[in-house]
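See structure below.
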Amino acid sequence: MKYKRPECLTGESMHYCPGCGHGIIHRLIAEVIDESYKDHKIVGVAPVGCAVFIYDYFNFDFVAAAHGRATAAATGVKRCIPDALVFSYQGDGDIAAIGTSEVIHAATRGENFTAIFVNNGVYAMTGGQMAPTTIPGQVTVSSPYGRDPKVQGYHIKLCEMLIPLDGVAFVARTSIHNLKNIEFTKKAIKRAFEVQMNKEGFSIIEVLSNCPTNWGMTPAESMKRIENEVLKYYNLGIFKDKGRGI
């Protein structure tokens, strides 16, 4: 198969650091939309964080939300345009810290949109500080001796928090550290969008991603770190799919 740029991606060069996982995830979203939703109204909601300029890279409408408020903005968009495919795209500092209240209440209400949550374990845009998702022992600029659960607490597991909520229809955690899991991520995005368009309720995909710059690694080393370290604390899989009895 000869690969080409998905039609719903613009020709704009992405601003991300070399080896960053955001570009991979952008392409997967674009492929799913090209394959299944080219004739639909699409609206994305941009976060504050590394992906703040995501609206430059897609050929469809975006709303720029305040920090942590992307799920609240997506709620408003979906309620105004209920037949549109609506998704928020958020990092861990955005959705799992300042935006925790918004995502929990949107999920509880069963708001019918999809949240795509990119977890690289740090506040990347601001220089690599410890985030709620930073795993125990991980060194960051604000945890120079490694995250100590006795001092800084444990890492947050957002997917596991959302599973019991009645309004949640689909929950998955995936990764992009190898080709097998990149393909799994694409399938999870496709399924989450299907759940949304079937009006089943709130859907979320957490994608474990890398941050070579703030982890102080090469892109290849950072992918290996996901496999060797991060997966010890974050299990992968489809945790809930109401429509399929999971």
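Looking across E227, E221, one residue alone is without any contact (Cβ under 8 Å) to a residue 12 or more places away in the chain, under 28 Å from Q129 (Cβ atoms) and in a helix (DSSP H, G or I). It is E221.
Counting residues in segment 178-185 that are more than 19 Å from the chain's Cα centre (by Cα) and more than 29 Å from T126 (Cβ to Cβ) gives zero.
Would you confirm, using the coordinates I've provided, whether D34 is without any contact (Cβ under 8 Å) to a residue 60 or more places away in the chain, of a type outside the set (F, W, Y), out of contact with any strand residue (DSSP E or B) (no Cβ under 7 Å at 6 or more places or on another chain) and closer than 26 Å to R225 by Cα? Against the criterion (without any contact (Cβ under 8 Å) to a residue 60 or more places away in the chain, of a type outside the set (F, W, Y), out of contact with any strand residue (DSSP E or B) (no Cβ under 7 Å at 6 or more places or on another chain) and closer than 26 Å to R225 by Cα), D34 does not qualify. In segment 80-104, of all residues being small (G, A, S) and part of a strand (DSSP E or B), the one that is farthest from the chain's Cα centre (by Cα) corresponds to S88.
Looking only at segment 187-214, residues that are surrounded by fewer than 20 Cβ atoms within 10 Å (Cβ to Cβ) and touching a Lys or Arg at 6+ places or on another chain (Cβ under 8 Å) come to 1 in all. Regarding V86, is this residue open to solvent by less than 10 Å² (accessible area, probe 1.4 Å), at pLDDT 95 or above and touching a strand residue (DSSP E or B) at 6+ places or on another chain (Cβ under 8 Å)? When the stated conditions are applied, V86 passes them. Taken over segment 63-79, the criterion of being open to solvent by less than 30 Å² (accessible area, probe 1.4 Å), in contact with a helix residue (DSSP H, G or I) (Cβ under 8 Å, 6 or more places away or on another chain) and aliphatic (A, V, I, L, M) is satisfied by A65, A70, A74.
Entry remark, segment 31-43: residues being surrounded by 20 or more Cβ atoms within 10 Å (Cβ to Cβ) and within 25 Å of P212 (Cβ to Cβ) number 0 in total. Scanning segment 103-128 for residues that are open to solvent by less than 20 Å² (accessible area, probe 1.4 Å) and of a type in the set (F, W, Y) yields F113, F117. Among residues of segment 130-169 being within 14 Å of the chain's Cα centre (by Cα) and of a type outside the set (D, E, K, R), the one that is nearest to V230 (Cα to Cα) is T133.
The values are calculated or read from the model by the stated rules, or taken from the named source; none is laboratory data. Computed from a predicted model, the values in this text were never measured in an experiment. Neighbour counts are summed over all protein chains in view; Cβ atoms, including those assigned to glycine, are modelled from backbone coordinates with ideal geometry. For the accessible areas, the whole protein counts, side chains as well, though only heavy atoms, and no ligand, DNA or RNA atoms are used. Shrake-Rupley method; radii C 1.70, N 1.55, O 1.52, S 1.80 Å.
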